[in-house]
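Some notes on the structure that comes next.
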Amino acid sequence: MPRDNLSMFLAERPTDAIIPGRTLNRRTSPAPEPSDLKDGEILVEVLYLSLDPAMRGWMSDARSYLPPVKIGDTMRGFTACRVLASRTPRAQPGDIVSCITGWTEYAIMREGQFETAASYPGLRDPLDMLSALGITSLTAWLGMVQIGDPKPGELVVVSGAAGATGSVAGQIAKIKGATVVGICGSEDKCRWLVDELGFDVALNYKAADFDQKFLDATQSYIDVYFDNGEHTPTLPLRQPAS
């Protein structure tokens with residue numbers, strides 16, 4: 001029986017905040033069918049959509065690491081999906097896969113555009129494909145493990161520490177035995193970083209005494225500074241000893 005396919009498309013480029021009903025809009029079209037598949041393709045049903053900070057940048061027409069989403073195109077986004085039909089040995093009906101279908105209910109993906117659950121050792125929940133094992137966590141892992149590579153006892157500072165990437169980066173540094181100082185924008189976030197994620201220190205860069213607290217928390221050299229971008233505060237400099 002033919003199905004409808006609900007999707008969200010980019011209706012206009014935002015200049016400031018996202019405006020509900022204007023920036024993105026809904027569109028209903030006939031869903032793709034198994035008979036539409038070509039060799040090497042799968043038909044998927046989207047189970048979960050990921051909402052990522054990068055999506056705001058993809059709505060802009062400014063030059064970036066990916067082309068902008070075109071006006072009228074389905075909004076780009078990571079998804080966790082169930083395979084409904086397949087014409088590739090890489091996936092079978094019922095398999096769970098991750099891909100970038102965009103914000104839509106059904107999609108056809110080809111080989112090279114999806115990863116099966118077998119690529120996620122120990123996967124228990126498809127949501128993990130978009131969170132703990134998703135692109136933001138991969139960014140944290142690459143930056144902290146492959147580049148920062150802190151050693152036990154070293155001091156790591158993470159800006160944007162309460163965000164999707166920074167929160168994972170700090171936890172990885174703790175697993176590697178480092179002392180971790182997180183920088184974020186509220187006292188509630190500070191408590192969450194320390195009480196739930198195990199950061200050694202969390203500092204609110206909006207606080208009046210941030211500079212002094214930062215100096216107190218970084219008495220030794222900073223071995224790794226994980227910079228999370230645009231909301232990075234201006235850090236105070238320690239004067240060299242005379």
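Laboratory data are not the source of any read-out in this text; all were calculated from the coordinates shown. As the structure is a prediction and not an experimental result, all values here were calculated from the model. Neighbour counts run over all protein chains shown; Cβ positions are idealised from the backbone, glycine included.
Data table
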{"quantity": "Fraction in percent of alpha-carbon pairs per bin - 10 Å, region 108-238", "calculated": "13, 41, 29, 12, 5, 1"}
{"quantity": "Structure-derived Cα extents along the principal axes in Å: which label, when the choices are (1) 71, 47, 34; (2) 69, 36, 34; (3) 78, 41, 30", "calculated": "(3)"}
{"quantity": "Per-residue [θ]222 nm for the chain (sum of -39500 (n - 2.57) over DSSP H runs n ≥ 4, rounded to 500)", "calculated": "-4500 deg cm²/dmol"}
{"quantity": "Share antiparallel - DSSP beta bridges, the chain, percent rounded to 5", "calculated": "70"}
{"quantity": "Distance between region 56-121 and region 174-200 - C-alpha centres, whole angstrom", "calculated": "33"}
{"quantity": "Dipole magnitude of region 4-123, debye to nearest 20 (Cβ charges: Lys/Arg +1, Asp/Glu -1, about Cα centre)", "calculated": "300"}
{"quantity": "Neighbour cut-off at most 12 other Cβ (10 Å), DSSP loop, GluC sites (Glu not before Pro), region 110-205", "calculated": "196"}
{"quantity": "Size of electric dipole in the chain: Cβ of Lys, Arg +1 and of Asp, Glu -1, about Cα centre, debye, nearest 20", "calculated": "340"}
{"quantity": "Extension gain, residue 138 back to residue 25 (0.36 nm per residue minus Cα-Cα distance, nm)", "calculated": "37.7 nm"}
{"quantity": "Inter-probe distance in nm under a simple model that places probes 7 Å from Cα toward Cβ, at residue 131 and residue 6", "calculated": "2.2"}
{"quantity": "Computed lengthening from residue 207 to residue 16, 0.36 nm per intervening residue step minus Cα-Cα distance", "calculated": "66.2 nm"}
{"quantity": "Farthest positive-ward along the chain dipole, Cα basis, beta-carbon charges - from 169, 98, 208", "calculated": "98"}
{"quantity": "Theoretical gain in end-to-end length, residue 187 to residue 45 [0.36 nm per residue, Cα-Cα removed]", "calculated": "47.1 nm"}
